[in-house]
Amino acid sequence: MHIGIVRSAITGAFDSPPLVIAVAHFFLIAALIMMGGSASGAHFNPNVTLYTFIIGHTTFTRLCAYTLSQVLGAILGATLMRVSLGWDDVGSMAECTLASPSKPGEAIIGNMMLFGFVLAAISGIAFDPLQGKTFGPIMAPVAIAAAIALVIFVGISNMRPGFPLMLNWAECVGIKVAADQKEEGLYVAFFGPLLACFLTGASYMIAPMPSHKDTGGKYRYPLLEPLYKKDGVEPHKKTDDTSQA
């Protein structure tokens, strides 16, 4: 769907391709979150999965399983899209490419800032119990999709020419494998969002947010244990039974 959106927007039929791409992705992402929210927490991006692991909402086992699924899914989706387009039509597959005059350092910092905004929005909407009651299961996906669409619009239309908007490295890897092309600057897709994950994650763990209430006001650390109940006690949940605690 992402490849199809980009290809459709750059055909020359639209006066503002960045706006078309952003609006189309708003509907796409909102639908995906609503579709996959109950099954997996709507994990479609390995960077989001890593972030939720860092702040203690995803176990290490799920981090590995989800990331593997995301990468394999991206490769399969991009390959099927290339087959659908015709095996020789590899142009405009929404490649993640760093182009001149944009520089690697600029691209990494730019992606870090843009993805950091996405993570801040997700944290404030999805992981804050007070906000959860306010937004609910319908408005939360809409609000998160709107934040991501805004980032896509800003990243495509207002950054330095040649700036690569790389918010999902699995997607970039999938397109690279399917198109069998050498992508310049693919490492930006790893380092930019990675820095955002650690910096935003550190802020989320340290700040006294309402989401820390179920940990007794303590930081959430990365989860190496299962999320399901152990001996009838939920992880991170306070109990009056000191022996169990």
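Looking at 59, 52, 11, which one is out of contact with any helix residue (DSSP H, G or I) (no Cβ under 7 Å at 6 or more places or on another chain), more than 17 Å from residue 125 (Cα to Cα) and buried (at least 19 other Cβ atoms within 10 Å of the Cβ)?
59
Of the residues that make up segment 151-163, is at least one within 19 Å of residue 47 (Cα to Cα) and in contact (Cβ under 8 Å) with a residue 60 or more places away in the chain?
yes
Specify which of the listed residues (131, 70) is more than 19 Å from residue 2 (Cβ to Cβ) and either touching a helix residue (DSSP H, G or I) at 6+ places or on another chain (Cβ under 9 Å) or aliphatic (A, V, I, L, M) (or both).
Only one candidate qualifies: 131.
Among the residues of segment 170-189 satisfying the criterion of being part of a helix (DSSP H, G or I) and closer than 18 Å to residue 105 by Cβ, which is nearest to the chain's Cα centre (by Cα)?
Once the filter is applied, the top-ranked residue is 189.
So residue 234 clears everything in (1) of a type outside the set (Phe, Trp, Tyr); (2) at pLDDT 60 or above; (3) more than 20 Å from the chain's Cα centre (by Cα) except one condition, right? Which one?
(2)
The values are calculated or read from the model by the stated rules, or taken from the named source; none is laboratory data. Keep in mind it's a predicted model, so treat the numbers as computed, not measured. Glycine also receives a Cβ, built like all others from the backbone with ideal geometry; neighbour counts cover every protein chain displayed.
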